[in-house]
Amino acid sequence: MDWSISPDWPGNFWLRLIIIAVILIAFVMSSVIMFIWMERRVIARIQSRLGPNRAGPFGLLQAFADTIKILTKEDIVPTLADKVLFWAAPAIAFVPTLMIMAVIPLMNGLQLADLNVGVLYIAAISAVSAIGIFLSGIAGNNKYSLVGAIREIAQLISFEIPMVLALAGLVIACGSMSLSKIVEAQSIPFILLQPLGFVIFMVAILAEINRTPFDLVEADSELTCGFNTEYSGMKFALLYLTEYSEAVVGSALITAFFLGAWRGPILPGILWFTIKMFAVFMFILWLRGTLPRLRIDQSMRLAWKGLLPLSMFNLFIVSLQTVFFPDLALWISIPAYIIISVIIIILWAMFMRKERQSSNA
Amino acid sequence: MALPTEPFILNIGPLHPSTHGVFRMRVTLDGEIIQDVEPVFGYLHRGLEKLCEKYTYKQNIPLTDRLDYVSAINNNWPYVMAVEQLGGIVVPQRAEYLRVIMGELQRIASHLLAVGSLMNDMGIFYTAFMYMFREREKIIDLLEMVSGQRLLYNYMRFGGVSMDIPTEFLPALARFLKVMPGFLDEYDSMLTGNEILLSRTKGIGVMSSEMAINASASGPMLRGSGVKWDLRKDAAYSVYDKFEFDIPIGQNGDCYDRYRVRMEEMRQSLRIIHQAVEQMPAGKEKLPVPLRLRPAKGEVYTQIEAPRGTLGCYLVSDGTEKPYRCHFRAPALINLTVLRNLLIGQKLADAIIIFGSIDISMGEVDR
């Protein structure tokens, strides 16, 4: 069965844009609701509790109930807050997460814009969202938020570089920045061909979307709630939404870049995409349920001393292969890449452990 | 180019997720680095010691429960011992063993809470906390079986304990003793080797043994710094001299050692309970004591090894039926005095962990 959508579907250019935009927004929003539900239920399972199970079957309607509750809350703006920024920041944070979705192919042809600089676009837009979070941190005039905002910027600057370098490996391997080309090149998912790049990208994405172990920006045990301490009502809801739509986009990016996006047998592409995306999020939840939080200097050290050299090395071996052995058979290249990655990661982990022992003592 | 910077003051608490009650730290921060700390407490002050002078000796027992509400049974103990020594009251052997069993169960419960909330401070989103609460719940069920209550047990009496154990207690305790080591292994496998946990706790909040002694720290704080001092061995009270157990100590005195000491102490407590159940004689759980107790004139100081350290009770009697003065040496308060020395120069995130590893209970600090 051919599930692909022809590029000129359903005919008119503008009509197509509008329909796909609506589909994308619906996809992100429904995924956010499912992510919230999953997060609460899965974390509850990990912690041997039940989680929300009253609103709807299996508590599926909990997110709706929370939304209704949050809409009825008083909307407080602190007296000393920067009013304009305080209002604008949640929107600045939220909109870019939707914008990233524009270049992600949910299905063969179901892509709002197949930019030929897709990777660059993603790297650029994902930084804007962090600025929104930073602004929401400083606008509220709260010291906890301020510390959270500073951490957010530090984290953004540090982890953006390894993330982009990991993507550069993909770009070199398939010779294009367009996401549809990258997906096309993944008859074998890139997680097998570039496992090192995958690990780097995964860690960087965790930091970008502020998930454990990099949830320093919120750090509820240190900063009460970090950047959104002063927010309430609908503005808080928007920040909450940002957090989860970032998680959706993060999972979607990992799916699109490394797990073959919509490619898969039998089932329609969008279903494959959704399944892979949820699997990635499940992994993120698993980390959240078990890992402690890193300290800010440790997080920086991981980015600059750990991930940056690793991503350079990844770029180096990928370029080497692309230039000198472009037609390497898969049965050689996949095991070779995996073995190299495992060895390098173990060596690097040992190095980082030494680092930790010398820096803490 | 160096930008001009200035430190800013951050109030952590009194209402904050990781101040374990209502404690407040007025922290002067330079970026993330702590320059100065001013601990502020007293928000939970209830005048317990003064209240003790108003009530009769027996009425004071429930008040002592409220000192350190996470280990209520251990708080009854020094007070009851003090009154017994003043009044020359004999405690039957069975009661002593019951006290030891309940005290050690309470110690495990308290350490579970301490380690669980330390992990929470570290950012494991409630997983370790919920796991440890699962086992704490089992202990609370056992104590409820014995005393009828779940948090403030009001268990000890002069000359014994409030009531003997029901028949189903010992089988339930045996079941608990059988499963608990497995759960402790589970925590170890989840936490102890975790690289992030190691990097967050090793070498953080180092307290040298000299500093610990000078600050008269006690309990896991002291033993984590490598000082082998445990009142259960060094000044054995009750029937602790009849049991065989080790005193775990740390080497570096950092947060990791304090965590390890607590984990290890739980295993040792299980050992003690095992032996106590085996050795426990039959007999009365309580000897009759006059209702209007009037101990002889005099003063006495008793101390026990509570989960948080040396818990002492200084009692002065003027021969009436109310104590003249009752003072408690609260280990949490005295352990807290090193907080400022430990925090200066550390990062904000470490401050929370160091504070968590001291394991205070505000009811005891503020009294």
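For region B:286-303, check the following and say yes or no: at least one residue is farther than 30 Å from residue B:183 by Cβ, touching a Cys at 6+ places or on another chain (Cβ under 8 Å) and not β-branched (Val, Ile, Thr). Please lay out each step first, then the result.
Of the residues in region B:286-303, the ones farther than 30 Å from residue B:183 by Cβ are B:286-303.
Add one more test, that the residue is touching a Cys at 6+ places or on another chain (Cβ under 8 Å), and what stays is B:301-303.
Now restrict to residues that are not β-branched (Val, Ile, Thr): B:301, B:303.
Yes - at least one qualifying residue is present in region B:286-303.
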* Residues that are closer than 18 Å to residue B:336 by Cα and either free of Cβ contacts under 8 Å to residues at least 24 places away in the same chain or among the charged types (D, E, K, R) (or both), drawn from region B:228-257 -> B:254, B:257
* To do: Output the qualifying pairs, or none if there are none: Cβ atoms under 8 angstrom, residues six or more apart or on different chains, first residue in region B:153-173 and farther than 13 Å from residue B:102 by Cβ and touching a residue at least 12 places away in the same chain (Cβ under 8 Å), second residue in a strand (DSSP E or B) and of a type outside the set (Asp, Glu).
  => B:159/B:286
* Residue satisfying all of: in region B:231-270; part of a helix (DSSP H, G or I) and among the aliphatic types (A, V, I, L, M); farthest from residue B:355 (Cα to Cα) among these -> B:270
* Asked: In region A:67-122, which residues are free of Cβ contacts under 8 Å to residues at least 24 places away in the same chain, of a type in the set (A, V, I, L, M, F, W, C) and in a loop (DSSP other than H, G, I, E, B)?
  -> A:77, A:113
* To do: Using the structure shown, decide if residue A:144 is within 14 Å of chain B (Cβ to nearest Cβ) and not basic (Lys, Arg).
  => yes
* **Contacts under 6 angstrom Cβ, first residue in region A:345-357 being within 12 Å of chain B (Cβ to nearest Cβ) and surrounded by 13 or more Cβ atoms within 10 Å (Cβ to Cβ), partner of a type outside the set (S, T, N, Q) and part of a helix (DSSP H, G or I), 6 or more apart** => A:352/A:306
* Could you tell me which of the residues A:44, A:63 is within 23 Å of the chain's Cα centre (by Cα), crowded, with 18+ Cβ neighbours inside 10 Å and within 14 Å of chain B (Cβ to nearest Cβ)? => A:44
* Got a number for residues in region B:92-126 being more than 14 Å from chain A (Cβ to nearest Cβ) and in a helix (DSSP H, G or I)? -> 22
* To do: Find the helices (runs of 4 or more DSSP H) located wholly in region A:143-198 whose residues include 2 or more that are under 21 Å from residue A:302 (Cβ atoms) and in contact (Cβ under 8 Å) with a residue 24 or more places away in the chain, and list them.
  => A:143-174
* Asked: In region B:182-212, how many residues are within 14 Å of another protein chain (Cβ to nearest Cβ) and under 20 Å from residue B:355 (Cα atoms)?
  -> 14
* Can you run down the residue pairs with Cβ atoms below 9 Å, 6 or more apart or on separate chains, where the first is in region A:287-310 and assigned to a helix (DSSP H, G or I) and the partner is among the acidic types (Asp, Glu)? => A:288/A:39; A:288/A:215; A:296/B:32; A:297/B:32; A:301/A:355; A:305/A:355; A:306/A:355
* Structure fact -> Counted residues in region A:246-299 being within 14 Å of chain B (Cβ to nearest Cβ), crowded, with 24+ Cβ neighbours inside 10 Å and of a type in the set (D, E, K, R) come to 2
* Are any residues in region B:192-208 of a type in the set (A, V, I, L, M, F, W, C) and assigned to a loop (DSSP other than H, G, I, E, B), and if so, which ones? -> B:204, B:206, B:207
* To do: With a cut-off of at least 3 residues that are away from every other protein chain (no Cβ under 14 Å), name the strands (runs of 3 or more DSSP E) lying wholly within region B:1-91.
  => B:33-40
* **helices (runs of 4 or more DSSP H) completely within region B:313-367 that count 2 or more residues being crowded, with 24+ Cβ neighbours inside 10 Å** => B:331-336, B:348-358, B:362-366
* Asked: Within region B:265-288, can you find the residues that are among the hydrophobic types (A, V, I, L, M, F, W, C) and surrounded by 18 or more Cβ atoms within 10 Å (Cβ to Cβ)?
  -> B:266, B:270, B:272, B:273, B:276, B:280
* Asked: Taking into account only those residues within region A:216-233 that are at the interface with chain B (Cβ under 8 Å from one of its Cβ atoms) and surrounded by fewer than 22 Cβ atoms within 10 Å (Cβ to Cβ), which is farthest from the chain's Cα centre (by Cα)?
  -> A:224
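No value in this document is a laboratory result; all are computed from the given coordinates. Predicted model, so just to flag it, every value in this text is computed and none were measured. Glycine gets a Cβ as well: all are built from the backbone with ideal geometry, and neighbour counts include every protein chain shown.
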